[in-house]
Structure formats: C-alpha cells, structure tokens
1. Which pairs turn up if I take residues in the range 197-217 that are at pLDDT below 90 and look for partners that are acidic (Asp, Glu) and within 14 Å of ligand 1 (Cβ to nearest atom) with beta carbon separation below 7 Å, at least 6 apart in sequence or on another chain?
2. So which of 112, 108, 78 is touching a Gly at 6+ places or on another chain (Cβ under 9 Å) and free of Cβ contacts under 8 Å to residues at least 60 places away in the same chain?
3. Could you list, in sequence order, the residues of the range 24-58 that are touching a helix residue (DSSP H, G or I) at 6+ places or on another chain (Cβ under 6 Å) and either closer than 14 Å to residue 8 by Cβ or among the basic types (Lys, Arg) (or both)?
4. Working carefully through the options 131, 126, find the one that is modelled with pLDDT of 95 or more, away from ligand 2 (no atom under 16 Å from the Cβ), surrounded by fewer than 17 Cβ atoms within 10 Å (Cβ to Cβ) and farther than 30 Å from residue 18 by Cα.
5. Consider residue 3 carefully, then state whether it is surrounded by 19 or more Cβ atoms within 10 Å (Cβ to Cβ), within 12 Å of ligand 1 (Cβ to nearest atom) and either farther than 29 Å from residue 109 by Cβ or not aromatic (Phe, Trp, Tyr) (or both).
6. As an exercise: evaluate residue 92 against (1) at pLDDT 95 or above; (2) more than 21 Å from residue 189 (Cα to Cα) and give the number of the one condition it does not meet.
7. Return the residue satisfying two criteria in turn: it lies in the range 185-200 and is more than 19 Å from residue 44 (Cβ to Cβ) and out of contact with any helix residue (DSSP H, G or I) (no Cβ under 9 Å at 6 or more places or on another chain), and of such residues it is surrounded by the fewest Cβ atoms within 10 Å (Cβ to Cβ).
8. Can you go through 10, 6 and tell me which one is within 16 Å of ligand 2 (Cβ to nearest atom) and touching a residue at least 12 places away in the same chain (Cβ under 8 Å)?
Amino acid sequence: MGLVAKELRKSIGNPAVEILKGLSFAIEDGEFVALTGRSGSGKSTLLYLLSTLDPPTSGEVEIGGIATNRLDSRELHRFRNEKMGYVFQFHYLLPELSALENVLMPARKGGRENEMRGHALDLLREFGLHEKSDRLPRQLSGGEQQRVAIARALVMNPRYLFADEPTGSLDSVNGEKVMSIFQDVNRRLGTTVVMVTHDPEFASRAKRAIHLVDGRLATPT
Ligand SMILES: Nc1ncnc2c1ncn2[C@@H]1O[C@H](COP(=O)(O)OP(=O)(O)OP(=O)(O)O)[C@@H](O)[C@H]1O
Ligand SMILES: [Mg+2]
C-alpha cells in the first residue's frame with residue numbers, strides 16, 4: 001500500500017507563495033527513497049507533508065491505505081508515534097535526559113517504557129553506544145548524539161523512517177555510519193526510508209531518487 005502523495009500543494013505566507021506545486025507519486029512499502037534537489041526546491045516542505053508533521057494546503061497523503069488528513073489530532077499523534085520515525089539534521093535530544101532515556105521517549109509516550117527498555121539498549125549496543133547509555137547528550141560527540149536520535153526514531157519499530165539531511169552536520173566517517181544504519185534497517189526490517197540529502201554519494205545509495213525542481217517533480221515516478 002505504501003505512501004501515496006496526491007496532488008500535493010503547499011502555499012506559505014501572506015501574500016501566499018506556492019512552494020509545492022501539485023505533486024503526485026507513490027512510494028512502495030520497503031523502498032529507500034532519496035529526496036533531492038537544490039536548496040529551496042521544497043525538499044523539507046515535502047518531507048514534512050509526507051510524514052504528516054505539516055498539513056498540505058490541498059491534496060492528500062495516504063499512508064498504508066489511510067488518508068491521513070482524515071485523522072483527528074489524537075489519532076494522528078498515535079499514528080506517528082507507532083508507525084513513523086523521524087531524524088533531523090540537528091538531533092533535538094532532550095539535554096537533561098540520558099541517552100537511554102532519550103531513546104525511550106516515544107515508548108514512554110505510549111506507556112511502554114519498561115517493555116521497550118531491552119530493545120532500546122539493543123539499539124544503543126548496535127550503534128556502539130552501549131557503554132554510554134547513561135550519559136547526557138552534552139557528554140557525547142555529535143556523531144554519537146545523532147546515533148542516539150536514530151535509536152530514538154527506531155525504538156517503536158516504525159514502518160516508515162523520515163530523515164531530513166541526517167548526515168548534514170556530521171563528518172564523512174559519521175555520515176557513513178548513519179547511512180549504513182539506514183541501509184541496514186531498510187534491508188533487514190523492510191522499513192520504508194525517505195531521506196532528504198544534498199550528498200550525491202548518499203543519494204546514489206538509495207534505491208530511487210525523487211528529484212524536485214522549484215516545487216515540482218523533475219523525473220517521472
Ligand atoms: N515558513 C516559511 N515561510 C516562507 N517561505 C518558506 C517557509 N518555509 C520555507 N519557505 C520557502 O519555501 C521554499 C522551499 O523550502 P524548503 O525548506 O522546503 O527547501 P529545501 O529544498 O529543503 O532547501 P534546503 O536544501 O536549503 O534545506 C524556499 O524557497 C523557502 O524559502
Ligand atoms: Mg531543507
């Protein structure tokens with residue numbers, strides 16, 4: 001069923017400027033898609049719409065057969081928390097919580113913190129952070145903080161993983177680690193990955209690119 005964008009438009013500001021100009025495409029379950037395009041072409045705006053963090057001005061996003069614009073805000077919160085993982089360029093970890101507590105935040109919201117603790121520790125171990133699970137974010141390197149944020153995005157075993165320039169603030173070694181984690185999650189768990197990236201090397205590792213030019217699709221999809 002996957003993720004279907006139908007005639008998505010987004011206008012912002014007053015007077016309104018149209019940033020996304022009628023986008024329609026489908027992403028199959030289990031795909032790894034890179035969203036590419038020049039700065040200002042609308043990649044982040046599109047990712048927010050696809051991941052339900054922001055509503056379109058018109059058009060619709062259907063995920064797993066569900067028309068997300070018909071969910072009320074409570075249903076939408078729950079849907080996001082259970083089905084979607086989010087990774088941004090800056091990790092937005094809570095500074096007063098340990099790495100483990102940050103990873104468990106989505107589980108805590110769903111009242112499943114204890115149930116998910118073992119899984120959270122497994123993810124931290126997998127990402128080379130097992131010894132550091134009690135550290136605060138400021139006691140971790142930038143690359144380590146981003147891996148904590150990825151563990152947080154994965155702790156609920158989401159079907160969809162959305163990322164906006166997840167390697168953007170990292171050096172090449174740490175960027176590479178992030179990419180391997182994404183590829184592994186996609187291959188091993190079949191998680192659908194939608195990732196915005198500027199980096200042609202990283203984009204080429206996705207199975208497909210959706211390329212934006214000035215708010216429109218550049219390639220037939
Ligand atoms: N809140 C806003 N108000 C007005 N214009 C906005 C707003 N957010 C984005 N825009 C404009 O919409 C366009 C698309 O922005 P968007 O952030 O989606 O681009 P992007 O492709 O992600 O760029 P980058 O690669 O620099 O992150 C840009 O021209 C931007 O200036
Ligand atoms: Mg952007």
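1. From the range 197-217, the pairs are 198/165.
2. Numbers: 112 fails: touching a Gly at 6+ places or on another chain (Cβ under 9 Å); 108 fails: touching a Gly at 6+ places or on another chain (Cβ under 9 Å).
Being touching a Gly at 6+ places or on another chain (Cβ under 9 Å) and free of Cβ contacts under 8 Å to residues at least 60 places away in the same chain holds for just one of 112, 108, 78, which is 78.
3. Of the residues in the range 24-58, the ones touching a helix residue (DSSP H, G or I) at 6+ places or on another chain (Cβ under 6 Å) are 32, 34-37, 52, 54, 56.
Of everything in the range 24-58, those that are touching a helix residue (DSSP H, G or I) at 6+ places or on another chain (Cβ under 6 Å) and either closer than 14 Å to residue 8 by Cβ or among the basic types (Lys, Arg) (or both) turn out to be 35, 52, 54, 56.
4. Numbers: 126 fails: modelled with pLDDT of 95 or more.
Exactly one residue qualifies, and that residue is 131.
5. Answer is no for this residue.
6. (1)
7. Of the range 185-200, the ones more than 19 Å from residue 44 (Cβ to Cβ) are 185-191.
So of that shortlist, the ones also out of contact with any helix residue (DSSP H, G or I) (no Cβ under 9 Å at 6 or more places or on another chain) come out as 186-188, 190.
Working: 186: 20, 187: 11, 188: 8, 190: 11.
Applying the filter and picking the extreme gives 188.
8. Details: 6 fails: within 16 Å of ligand 2 (Cβ to nearest atom).
Step by step, each of 10, 6 is checked, and only 10 is within 16 Å of ligand 2 (Cβ to nearest atom) and touching a residue at least 12 places away in the same chain (Cβ under 8 Å).
The values are calculated or read from the model by the stated rules, or taken from the named source; none is laboratory data. Not measured: the values here are computed from a predicted model. Cβ: placed from backbone, ideal geometry, glycine included. Neighbour counts: every protein chain shown.
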